[in-house]
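Step one of this worksheet: look at the structure below.
The values are calculated or read from the model by the stated rules, or taken from the named source; none is laboratory data. What you see is a predicted model, and the numbers here were worked out from it, not measured in a lab. FYI the Cβ positions are ideal-geometry reconstructions off the backbone, even for glycines, and counts take in every protein chain you see. When the accessible area is computed, the model is the full protein with side chains, heavy atoms only, and any ligands, DNA or RNA have been set aside. Shrake-Rupley method; radii C 1.70, N 1.55, O 1.52, S 1.80 Å.
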Protein chains: 2
Amino acid sequence: MKKQSLEDRRESLGETVTAGIRRLLVEGEFTPGQRLSEIALCERLGVSRNTLREAFRTLAHEGLVTHQPHRGVFVTRPDAASIVEIYRLRRFIECRALSEAWPSHPAVKEMRTAVEDARTYRERQDWLAVGTANMAFHGAIVALGDSARLDDFFRQVLAELRLAFGLMSDKEWLHAPYVEMNQQVLETFEKGDTKAAVALLEQYLAQSERIVLAAWERQGAS
Amino acid sequence: MKKQSLEDRRESLGETVTAGIRRLLVEGEFTPGQRLSEIALCERLGVSRNTLREAFRTLAHEGLVTHQPHRGVFVTRPDAASIVEIYRLRRFIECRALSEAWPSHPAVKEMRTAVEDARTYRERQDWLAVGTANMAFHGAIVALGDSARLDDFFRQVLAELRLAFGLMSDKEWLHAPYVEMNQQVLETFEKGDTKAAVALLEQYLAQSERIVLAAWERQGAS
DNA sequence: GTCAGGGCTATTGTTGAACAATCGATACGG
DNA sequence: CCGTATCGATTGTTCAACAATAGCCCTGAC
């Protein structure tokens, strides 16, 4: 099979495939717990098994996918403990990054962009995009900490959390309320009241955790 | 080529290879910046190129190795900015984990074990092992935070830092002083004076950063 | 002598096929 | 009903081939 030559891609095919599967996972194309057949995905993506397996390794390392030897790779199904752990991590990382942030840090602009994007998509009722903008907002908060390694790690954790969102049907209820809260956090922070902004963020995260956990208990038994 | 049947390994060959290369890397078998030829490593490890490439993907994701398309994978050569960033991360993570720790957390036992191991190896002048025990000590501190994801991330960051150690020749000077300091941190913490323990740890990390940075400037120009 | 250009070579990127190893299910016998 | 042997499907791993690229050397013009 020939493909390579559709575009002059700078990244290798393997990386393209990894990014593609990651997108499918985060957007909820697959159901948590579902097995990802090598052969089926090979054909769907038009790549060889070896290339696909390289992508699987990366995704497994990111936690989006779980590898069980001789059984296959499965879409990670977050359990309640994981959700709790991830929110604890988020409070740990985000709150600290925000509280120590330099007020005119470049990432503040990214925060504002994310808020505006979220408002736009909310009007169109594009909840998937609203969720992505939400992630970008919180990613920007972590970026205030000026650590590329922490940024990557945080993105990864957020992507894993988003897998749990796939268990829920009501996307509007899941994402819409936070558009306003994000904006409130941002405005409070820009006003110079860092302490209050952190408190808002903490409250935000606690509420989000409750909602996600509740939905998990209803839908994702086991 | 047959191999597989020497032992009844539970983990796949690919994971064995990944772990093996990782060990070689952190033990300083390779020089930072050195190119790792696929063919040479294939033969040395007795695996196929595909399997080796899967391992490379994982290690690149961990940051121990840098992939340059169509040029090969190179042992990551930490720059000064990376060293500074990693120490900032360490202060961020370790100090917070220690300050919020439950005094009788199981990981405290691991901390003590690591301190004792370090003393043992120091007597034998086995500085590589002392360094490993040191890493275990700090890994145990992070484990106080009860987050498996953070533990993994931290281990990864520490492994990357250890690459920089490979640039230095005087291993004794690099590792020996911290055996006592680790013990001091542990004893202060066990005495119940968490605040003082955190202060000690912070001072420890600052000193370590200075030493590593100084050595980097001397040896690893560019 | 130096620099630009062009091809050569070694290496990486990717594929497809082959076989071994293992898991799960099914069928069989007690 | 339960244990066990067998079988099929899937994963694990290797190999060989070819495409694509980067770096090198060699040539030639100025």
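What the table shows:
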read-out: Point-to-point label distance, B:ALA19-B:TRP102, nm (Cα→Cβ direction, 7 Å offset); value: 2.9 nm
read-out: Using θ = phi - 60° and Karplus 6.51 cos²θ - 1.76 cosθ + 1.60, couplings along the range B:37-42 (whole Hz; Gly, Pro as x); value: 5, 4, 4, 4, 5, 3
read-out: Value of Rg/Rh across the range B:140-196 [Cα atoms, Kirkwood radius]; value: 1.06
read-out: Nearby aspartates and glutamates by direct alpha-carbon distance to B:LYS109 (threshold 18 angstrom, same-chain neighbours under 8 apart not counted); value: B:GLU94, B:GLU100, B:ASP117, B:ASP146, B:ASP151, B:GLU180, B:GLU187, B:GLU190, B:ASP193
read-out: Accessible-area composition of the range A:13-75, carbon plus sulfur, in percent [1.4 Å probe]; value: 48 percent
read-out: Protection-proxy order for peptides A:160-166, B:124-130, B:195-201, each taking the mean of Cβ atoms within 10 Å per residue, highest first; value: A:160-166, B:195-201, B:124-130
read-out: Rg to Rh, two decimals, where chain B supplies the alpha carbon set and Rh follows Kirkwood; value: 1.00
read-out: The range A:121-164, dipole about Cα centre (Lys/Arg Cβ +1, Asp/Glu Cβ -1), debye to the nearest 20; value: 100 debye
read-out: Estimated dipole of the range B:80-219 in Debye, rounded to 20 [Cβ of Lys and Arg +1, of Asp and Glu -1, Cα centre]; value: 140 debye
read-out: Distances in nm from A:ASP170 to the matching label points in the other copies, shortest first (labels 7 Å along Cα to Cβ); value: 6.6
read-out: Pairwise burial A:B, computed as accessible area of each alone minus the pair, summed, 1.4 Å, Å²; value: 2800 Å²
read-out: Alpha-carbon centroids, the range B:104-160 and the range A:41-73: separation in whole Å; value: 32 Å
read-out: Percentage relative contact order, the range A:13-75, counting C-alpha pairs under 8 Å, at least six apart; value: 43 percent
read-out: Helix B:80-90 axis, angle to chain B major axis (alpha carbon atoms, nearest 10°); value: 50 degrees
read-out: Mean projection area, nm², convex hull over Cα of the protein assembly as shown; value: 24.2 nm²
read-out: Inter-copy spacing of B:SER104 label points, which lie 7 Å from Cα along Cα→Cβ, given in nm from shortest upward; value: 5.3
read-out: Shielded residues, the range B:120-156 - accessible-area loss of 40 Å² or more between chain alone and all protein chains, probe 1.4 Å; value: B:ARG149, B:LEU150, B:PHE153
read-out: Between 0 and 90°, nearest 10: helix B:107-123 axis offset from chain B longest Cα axis; value: 70 degrees
read-out: Ascending list, in nanometres, of distances separating the A:THR194 label from those of the other copies (7 Å, Cα toward Cβ); value: 2.3
read-out: Residues in the range A:26-62 that, when all protein chains are in place, have 30 Å² or more less accessible area than the chain alone would give (probe 1.4 Å); value: A:ASN50, A:GLU54, A:ARG57, A:THR58, A:HIS61
read-out: Chain B, relative contact order [Cα under 8 Å, separation at least 6], %; value: 22 percent
read-out: Mean accessible surface per residue for the range B:13-75, computed with a 1.4 Å probe while every protein chain stays in place, in Å²; value: 47 Å²
read-out: For the range A:1-104: Kirkwood Rh in Å [reciprocal of mean 1/r, alpha carbons]; value: 15.9 Å
read-out: In range of the label at B:GLU190: residues from the range B:106-141 whose backbone nitrogen is under 15 Å from the point 7 Å along Cα→Cβ; value: B:106-120, B:137, B:141
read-out: Simple Cβ-charge dipole of the range B:13-75, Lys/Arg +1 and Asp/Glu -1, about Cα centre, in debye nearest 20; value: 160 debye
read-out: Dipole of chain A, positive direction: furthest Cα of A:ALA214, A:SER37, A:TRP102, with charges on the beta-carbon; value: A:SER37
read-out: Rounded percent of accessible protein surface that carbon and sulfur make up, the range B:131-201, 1.4 Å probe; value: 53 percent
read-out: Distance from the range A:164-196 to the range B:165-182 (C-alpha centre basis), Å; value: 46 Å
